Amino acid sequence: MNQKIKNLSETIVHYSLKVKENDRVLITTSSPRTNDLVHELIRDITSAKGIPFVRYTDPDISAQLTELTTEARVKEIKEHNQFDVDHYDCFISIRYITNDYVSKNVKAETRRAIGEATEDTDFIRINERRWVLLNYPSHLDAYKAKMTNEEFYNYAFDVMNVDYQAMSEMIEPLKKLMEKTDKVHLVSPGTDLTFSIKDIPVIPCCGTCNIPDGEIYTAPVKNSVNGTITYNTPSPYQGNVFYEVSLTFENGKIVSSTCNGDNKKLEEIFDTDEGARYIGEFALGLNPMILNPMGDILYDEKIIGSIHFTPGKAYKDANNGNTSSIHWDMVLIQRQEYGGGELYFDDVLIRKDGLFVIPELEHLNYNLK
């Protein structure tokens with residue numbers, strides 16, 4: 001395990017962030033349980049002649065601070081975020097999750113105020129700085145993945161340490177195909193959805209920002225989305241977890257939403273701002289080691305044979321013009337054991353039941369056949 005931690009640290013510092021001399025790197029972590037990785041990161045950043053800094057943020061304290069946020073504190077948050085993007089070149093965020101509901105009591109208007117105040121600095125941090133986000137394996141993660149703690153610990157580090165360079169090369173034919181595609185059609189149980197991705201850039205994700213990684217994303221033309229999509233994995237967001245979320249679109253806009261649970265809270269999220277009812281990302285999950293959902297989007301959006309279709313803000317590098325203070329990745333798995341489904345590009349069947357069916361993409365099925 002020590003070697004796996006060393007390998008992960010080296011990947012983050014030298015491959016993902018490409019830390020160079022005098023780069024100021026801020027490591028943020030939410031638990032001292034992550035210290036073995038933090039120690040390795042400090043060593044590797046220093047050996048690359050970068051300058052490491054570490055900040056601890058306790059999730060319970062952070063949730064209380066957010067719940068009690070005043071107008072004056074919103075201004076301070078904005079200034080603190082501005083300081084970070086002005087003073088750091090790279091960011092490493094290590095989450096250690098012990099409670100999915102820790103921030104469930106934060107009011108919608110508070111989230112909205114903070115989101116609006118930090119929109120500019122968030123844009124800089126995401127699009128103009130180098131960053132990595134990862135989850136250090138926790139007991140809660142193991143429980144959600146239905147594994148023992150030891151099994152999940154080993155699984156998580158194996159998944160995070162996949163060969164991202166090889167993945168990048170394998171994804172290239174799919175990138176070229178998506179760049180030529182106009183109409184996308186998704187069909188699954190409870191899903192019949194069409195939209196265009198014409199002329200929107202296509203971005204492979206192979207270990208440079210998220211760990212674990214393995215996806216390729218673009219965005220739908222903003223007003224082109226029509227039909228219904230029903231997600232078959234848990235959808236955690238803003239301190240709540242939603243199940244069986246179903247969204248219906250007309251000309252790009254969510255006109256109705258349902259879930260097996262708190263529909264009022266679901267609608268509240270989509271009422272955050274105008275852009276919350278439009279889609280900012282369409283992506284395919286491609287990590288061959290991630291097969292089943294565990295209710296954590298950092299893993300679930302990479303599930304092989306899945307797609308995610310994301311209400312809210314579009315990324316700068318695949319921009320369809322939609323802006324919002326939310327970006328909510330929701331996952332639909334189309335493999336046969338999850339109900340199956342088809343993915344069409346310009347009326348040509350590209351993937352069925354999670355497996356690519358055209359010769360130039362069959363290598364991305366790995367060992368699922």
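Some notes on this structure:
- Here N105 fulfils each of the conditions (1) open to solvent by 80 Å² or more (accessible area, probe 1.4 Å); (2) among the polar types (S, T, N, Q); (3) touching a strand residue (DSSP E or B) at 6+ places or on another chain (Cβ under 7 Å) apart from (3).
- Residue match in segment 340-348 (condition: modelled with pLDDT of 95 or more, β-branched (V, I, T), open to solvent by 30 Å² or more (accessible area, probe 1.4 Å) and part of a strand (DSSP E or B)): yes
- Cβ pairs under 7 Å, 6+ apart, first in segment 30-49 and within 10 Å of I94 (Cβ to Cβ) and in contact (Cβ under 8 Å) with a residue 24 or more places away in the chain, second open to solvent by 30 Å² or more (accessible area, probe 1.4 Å) and of a type in the set (A, V, I, L, M, F, W, C): V38/V54
- Residue in segment 330-338 that is part of a loop (DSSP other than H, G, I, E, B) and within 28 Å of A108 (Cα to Cα) present: yes
- Matching option when the condition is of a type in the set (F, W, Y) and modelled with pLDDT of 95 or more, among F91, F123: F91
- Residues (in contact with an Asp or Glu (Cβ under 9 Å, 6 or more places away or on another chain) and either under 26 Å from Y153 (Cβ atoms) or surrounded by 21 or more Cβ atoms within 10 Å (Cβ to Cβ) (or both)) located in segment 27-49: S30, S31, E40, D44, I45
- Long-range neighbours under 8 Å by Cβ, at least six apart or interchain, first residue on the phi > 0 side of the Ramachandran plot within segment 310-323, second of a type in the set (G, A, S): G312/G275; G312/A276; G312/G280; G312/S324; G312/S325; G321/A314
- Scanning segment 349-369 for residues that are under 22 Å from N292 (Cβ atoms), of a type outside the set (D, E) and either open to solvent by 40 Å² or more (accessible area, probe 1.4 Å) or not in a helix (DSSP H, G or I) (or both) yields R351, K352, G354, L355, F356, Y366, N367, L368, K369.
- Members of segment 294-319 that are out of contact with any strand residue (DSSP E or B) (no Cβ under 7 Å at 6 or more places or on another chain) and either under 17 Å from G214 (Cβ atoms) or assigned to a loop (DSSP other than H, G, I, E, B) (or both): M294, Y299, N319
- Applying the condition of being open to solvent by less than 10 Å² (accessible area, probe 1.4 Å) and of a type in the set (A, V, I, L, M, F, W, C) to segment 168-196 and asking which residue is nearest to H14 (Cα to Cα) yields I171.
- Whichever residue in segment 86-96 is under 18 Å from K18 (Cβ atoms) and touching a Lys or Arg at 6+ places or on another chain (Cβ under 7 Å) and, among such residues, is surrounded by the most Cβ atoms within 10 Å (Cβ to Cβ): C90
- Residue check, I92 of a type in the set (A, V, I, L, M), part of a helix (DSSP H, G or I) and touching a helix residue (DSSP H, G or I) at 6+ places or on another chain (Cβ under 8 Å): no
- Residue, least open to solvent (accessible area, probe 1.4 Å), within segment 57-85, restricted to residues that are acidic (D, E) and touching a helix residue (DSSP H, G or I) at 6+ places or on another chain (Cβ under 9 Å): D84
- Applying a threshold of 6 Å to beta carbon distances and a minimum spacing of six or more residues, or different chains, the list of pairs starting in segment 240-267 at a residue that is in contact (Cβ under 8 Å) with a residue 40 or more places away in the chain and ending at one that is open to solvent by less than 40 Å² (accessible area, probe 1.4 Å) and small (G, A, S) reads V245/S235; L247/S257.
- Of the set (1) under 18 Å from T233 (Cα atoms); (2) modelled with pLDDT under 95; (3) of a type in the set (K, R), all apply to K316 but (1).
- Those residues of segment 234-266 which are hydroxyl-bearing (S, T, Y), in contact with a Ser or Thr (Cβ under 8 Å, 6 or more places away or on another chain) and closer than 22 Å to Q334 by Cβ, in sequence order: Y243, S246, T248, S257, T258
- In segment 147-165, residue nearest to the chain's Cα centre (by Cα) [restricted to those that are farther than 16 Å from I304 by Cα and without any contact (Cβ under 8 Å) to a residue 60 or more places away in the chain]: F152
- For D100: the one exception among (1) open to solvent by 70 Å² or more (accessible area, probe 1.4 Å); (2) within 21 Å of T28 (Cα to Cα): (1)
- Among residues of segment 143-163, those that are over 16 Å from I5 (Cα atoms), at pLDDT 95 or above and either surrounded by 19 or more Cβ atoms within 10 Å (Cβ to Cβ) or in contact with a strand residue (DSSP E or B) (Cβ under 8 Å, 6 or more places away or on another chain) (or both), counted: 0
The values are calculated or read from the model by the stated rules, or taken from the named source; none is laboratory data. Please read all numbers here as calculations on a predicted model, not as lab measurements. All Cβ positions, even for glycine, are placed from backbone atoms using ideal geometry, and neighbour counts span all protein chains on display. Side chains included, ligands, DNA and RNA excluded: accessible areas come from the protein's heavy atoms. Shrake-Rupley method; radii C 1.70, N 1.55, O 1.52, S 1.80 Å.
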